[in-house]
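Chemist: Okay, here's the structure, questions in a sec.
The values are calculated or read from the model by the stated rules, or taken from the named source; none is laboratory data. A quick note: this is a predicted structure, and the numbers were derived from the prediction, not measured. Here the Cβ is made from the backbone with ideal geometry for all residues, glycine too, and neighbour counts use every protein chain on show.
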Amino acid sequence: MVSGFPNLFLCGGGFVFQLGANYARGIDVQAEHVAYTISELSSRGVKSANVTFEAEEHWIADQLETKGGGFVLGGASESCTPGYYNQEGTTVRYRNVRRETYSKGVGAYIKLLSRWRNNGELKGLDLN
């Protein structure tokens, strides 16, 4: 979801916000999360849900945090085979690789979504 666009759920993307061997699994994880959220909104009689600006900022900060151990797609050319992913040989960086994957890994991404659902508060959503 993106602040300012109520009821807009986004799934997919270049690496479905996690880097894993199976693209379909990433889409499945996201679809399960969206289905849960829509079901909860419906059962609570909510007509409109919008992610709060604060939640969006928190997500962006978490997404960019790697603490040295996370994987950031598009690593240094000395550690990656030249190509599309690390943009080696280009004069202008045409992709912001830090926005394409959840750098803490697939397991952390799944746990993050699961904890949010298990909490049941729909934290970070402005409900109307």
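Chemist: I need the full set of residues from segment 83-128 which are within 16 Å of the chain's Cα centre (by Cα), at pLDDT 75 or above and assigned to a helix (DSSP H, G or I), in order please.
Modeler: Val106, Gly107, Ala108, Tyr109, Ile110, Lys111, Leu112, Leu113, Ser114, Arg115, Trp116, Arg117
Chemist: Now, a different point. Note down all Cβ pairs under 7 Å where the first residue falls in segment 108-128 and is more than 23 Å from Gly4 (Cα to Cα), the second is of a type in the set (A, V, I, L, M, F, W, C) and not in a helix (DSSP H, G or I), and they're at least six residues apart or on different chains.
Modeler: Matching pairs, first to second residue: Tyr109/Phe17.
Chemist: Residues of segment 23-76 being assigned to a helix (DSSP H, G or I), touching a helix residue (DSSP H, G or I) at 6+ places or on another chain (Cβ under 9 Å) and either within 19 Å of Asn7 (Cα to Cα) or modelled with pLDDT of 95 or more (or both), which ones?
Modeler: Val29, Gln30, Glu32, His33, Tyr36, Thr37, Glu40
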